[in-house]
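Attaching a single structure in structure tokens format; questions to follow.
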Amino acid sequence: MINIALLGAGRIGKMHAEIINAHPKARLQFVYDVNSNSSKQVSEENNSEVVSSAEEAINSEKVDALLIASATPTHTKFITMGAKAKKAIFCEKPIDLDIDKVNECMSNIKGIDTPLQIGFNRRFDNSHAKVQQARTNKEIGELEMIIISSRDPAPPGLDYLNAAGGFFRDTTIHDFDLSRFILGEDPIVQVSAFGDNLFDENVKKAEDFDTAMFILKSKKGVFIHINNSRRAVYGYDQRVEVFGSKGMVISNNQTPSSVESFTESSTSSKEPILNFFIERYVQAYKDQFNHFIECIVNNKKPSVTFEDGRNALIIANAAYESHKLKKTIDINYE
Ligand SMILES: NC(=O)c1ccc[n+]([C@@H]2O[C@H](COP(=O)([O-])OP(=O)(O)OC[C@H]3O[C@@H](n4cnc5c(N)ncnc54)[C@H](O)[C@@H]3O)[C@@H](O)[C@H]2O)c1
């Protein structure tokens with residue numbers, strides 16, 4: 001049994017707690033959150049113990065692995081502490097919003113050989129993975145374009161916006177990573193980014209964007225288009241398309257069932273698409289955790305690495321630079 005300490009028992013931490021205990025080879029040992037009500041509630045609901053500090057959880061001999069789901073600015077500190085304590089680590093995206101902190105963490109953990117996986121869950125979505133396979137097995141011939149539409153159902157509140165650290169680094173980072181996943185060894189080398197505030201007052205107050213579009217280009221010449229919105233009245237819109245010399249493959253939105261109704265006023269009418277990330281990506285969240293446990297048990301390196309987290313942040317930073325300077329930016333991964 002792999003005993004896990006959960007650091008951060010907020011929105012996504014609660015979901016991870018349930019996934020951990022549902023896994024036949026894992027058990028939630030400890031929960032720590034600076035908000036003691038959250039840790040108490042999540043530990044009670046998941047038959048685990050509350051600890052009074054992150055240090056206590058990380059250094060406990062009862063703990064084999066950490067699941068870091070706390071606020072983003074805490075991630076690099078917890079990764080460093082966990083790696084030094086030789087624990088396996090699963091850390092939510094993004095590693096941090098500040099590339100200097102990410103680089104410092106990278107040098108602090110250099111040479112420490114412990115499984116470390118970053119939470120880019122969309123790579124584990126069965127449908128998105130089929131799109132990626134269409135590139136690797138050449139079903140679509142030579143890849144020419146990737147098109148990702150990624151739109152949230154409704155904008156978050158001001159507190160979230162102030163803490164999250166900006167649309168490109170907190171949200172689009174998933175799409176930058178998904179593009180990298182589809183491209184494989186072919187790196188993204190250029191980005192042109194547009195972001196604006198078209199409709200949401202809280203987003204305006206936070207000086208953030210609610211709407212964004214990106215054109216990126218890979219070294220081999222593949223074009224990538226990403227579009228994001230913080231509001232889609234019809235639900236959580238998650239579509240991925242690859243287009244190539246022999247065709248196109250699309251990962252489409254999903255509805256709770258395959259039922260379609262036909263009436264006087266509509267044909268092929270379906271239920272609304274799955275509402276938000278926890279519903280839409282439940283299979284992916286479970287499978288990324290399965291992968292983490294398999295890596296620990298078999299002493300393998302996880303497929304989503306610290307470097308993947310760092311590279312996605314570097315693309316997000318270049319996108320901000322592009323927006324600011326109103327020009328296409330060459331991406332430097334050094
Ligand atoms: N992969 C995904 O799809 C996905 C989805 C949502 C959030 N996330 C990421 O997960 C992380 C948490 O997001 P969330 O939406 O659950 O936020 P949240 O605000 O709901 O939860 C964060 C929790 O961290 C706690 N916390 C803050 N500082 C702490 C510390 N020093 N030690 C322990 N706990 C601390 C807070 O009290 C809070 O309970 C963020 O990095 C976010 O980007 C990933």
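What follows is calculated from the coordinates using simple rules that are stated; it is not laboratory data. Being a predicted model, the structure only gives us computed values, none of them experimental. All Cβ positions, glycine included, derive from the backbone under ideal geometry; neighbour counts span all protein chains shown.
How many nm is it between the label spots at Ser265 and Ser52, if each spot is 7 Å from the Cα in line with the beta carbon?
That separation, rounded to one decimal, is 6.1 nm.
Okay, moving on. If you average the C-alpha positions of region 115-167 and of region 69-88 separately, how far apart do those two centres end up, in angstrom?
The distance from the Cα centre of region 115-167 to that of region 69-88 comes to 24 Å.
Looking only at Lys204, Lys270, Lys87, which one moves most when the chain is put into a Gaussian network model with springs between Cα atoms under 10 Å?
Per the Cα network of the chain with a 10 Å cutoff, Lys270 tops the list.
Run the helix sum for the chain: -39,500 (n - 2.57) per DSSP H stretch of 4+ residues, divided by residue count, reported at 222 nm to the nearest 500 deg cm²/dmol.
Working: 12 runs with 122 residues, N = 334.
Roughly -11000 deg cm²/dmol at 222 nm, from the helical runs in the chain.
Sticking with this structure for a sec: May I ask for the net charge around Asn108, where only other residues with Cβ less than 12 Å from the Cβ of Asn108 are counted and Lys, Arg are +1 while Asp, Glu are -1?
Numbers: positive: Lys77, Lys84, Lys101, Lys110; negative: Glu104.
After counting each charged neighbour, the total is +3.
Same structure again: Ranking Cys105, Cys295, Cys91 by Cβ neighbours within 10 Å, fewest first, what do you get? Walk me through the numbers before you get to the answer.
Details: Cys105 23, Cys295 19, Cys91 27.
Fewest-to-most Cβ neighbours within 10 Å comes out as Cys295, Cys105, Cys91.
Now for a different question. First select every other residue whose beta carbon is under 13 angstrom from the beta carbon of Asn137; then total the charges, Lys and Arg +1, Asp and Glu -1. Don't skip to the answer; put the middle values down first.
On the way: positive: Lys130, Arg135, Lys138, Lys246; negative: Glu139, Glu142.
Summing Lys and Arg as +1 and Asp and Glu as -1 gives +2.
Summing +1 for each Lys or Arg and -1 for each Asp or Glu, what net charge is found among the other residues whose Cβ lies under 11 Å from the Cβ of Gly244?
Cβ neighbours under 11 Å give a net charge of -1.
In 10 Å bins starting at 0, how do the alpha-carbon pair distances of the chain split up by percent?
For the chain, the pair-distance distribution reads 6, 24, 33, 26, 10, 1, 0.
Turning to a different aspect of this structure: DSSP loop chymotrypsin sites (Phe, Trp or Tyr not before Pro) in region 199-257 with at most 15 other Cβ atoms within 10 Å of their Cβ, which ones? Each step should come with its number before you reach the end.
On the way: sites: Phe199, Phe209, Phe214, Phe223, Tyr234, Tyr236, Phe243; in loops: Phe199, Phe209, Tyr234, Tyr236.
Passing both the DSSP loop test and the Cβ count: Phe199, Tyr234.
Mind telling me which of Glu61, Glu294, Glu260 comes out most flexible in a GNM of the chain, alpha-carbon contacts under 10 Å?
Between Glu61, Glu294, Glu260, it is Glu260 that shows the largest mean-square fluctuation.
Moving on to the next point. Quick one: Karplus J couplings for region 250-261, per residue in order, coefficients 6.51, -1.76, 1.60, θ = phi - 60°, nearest Hz, x for Gly and Pro?
Karplus-based 3J(HN,Hα) across region 250-261 equals 10, 9, 9, 5, 10, 10, x, 9, 9, 5, 10, 10 Hz.
For region 215-334, what relative contact order do you get, as a whole percent, if you take Cα pairs closer than 8 Å and at least 6 residues apart?
Reported relative contact order: 13 percent.
Please sort by residue number the chymotrypsin sites (Phe, Trp or Tyr not before Pro) in region 244-324 whose DSSP state is loop and whose Cβ has at most 11 other Cβ atoms within 10 Å.
On the way: sites: Phe262, Phe276, Phe277, Tyr281, Tyr285, Phe289, Phe292, Phe306, Tyr320; in loops: Phe262, Phe276, Tyr281.
For chymotrypsin sites (Phe, Trp or Tyr not before Pro) across region 244-324 that sit outside H, G, I, E and B with at most 11 neighbouring Cβ atoms in 10 Å, the list reads Phe262.
Count the lysine pairs in region 2-114 that are 8 or more places apart or on different chains: how many have C-alpha atoms under 20 angstrom apart?
Counting lysine pairs in region 2-114 gives 22.
Can you give me the Cα centroid spacing of region 296-334 and region 185-263 in angstrom?
18
Using label points projected 7 Å from each Cα along Cα→Cβ, tell me how many nm separate Ile215 and Thr305, to one decimal.
Each label point is offset 7 Å from its Cα along the Cβ direction, giving 3.2 nm.
If you don't mind, there's one more thing I want to ask. Could you grab the relative contact order for the chain? Cα pairs under 8 Å, six or more apart, rounded to a whole percent.
On the way: 680 pairs, mean separation 62.3, N = 334.
Over the chain, the number comes to 19 percent.
Of the candidates Ser127, Ser229, Ser258, which one comes out as most mobile in a Gaussian network treatment of the chain with C-alpha springs shorter than 10 Å?
Ser258
While we're on this one: Taking a ≥ b ≥ c as the square roots of the Cα gyration tensor eigenvalues, with a/c under 1.5 meaning rounded and otherwise prolate when a/b beats b/c, else oblate, which class fits region 236-334?
Working: a/c = 2.42, a/b = 1.35, b/c = 1.79.
Because a/c hits 1.5 or more and a/b fails to exceed b/c, region 236-334 counts as oblate.
What does DSSP give for the chain in terms of the percent of beta bridges that are antiparallel, rounded to the nearest 5?
Values: 32 of 58 bridges.
Roughly 55 percent of the DSSP beta bridges within the chain come out antiparallel.
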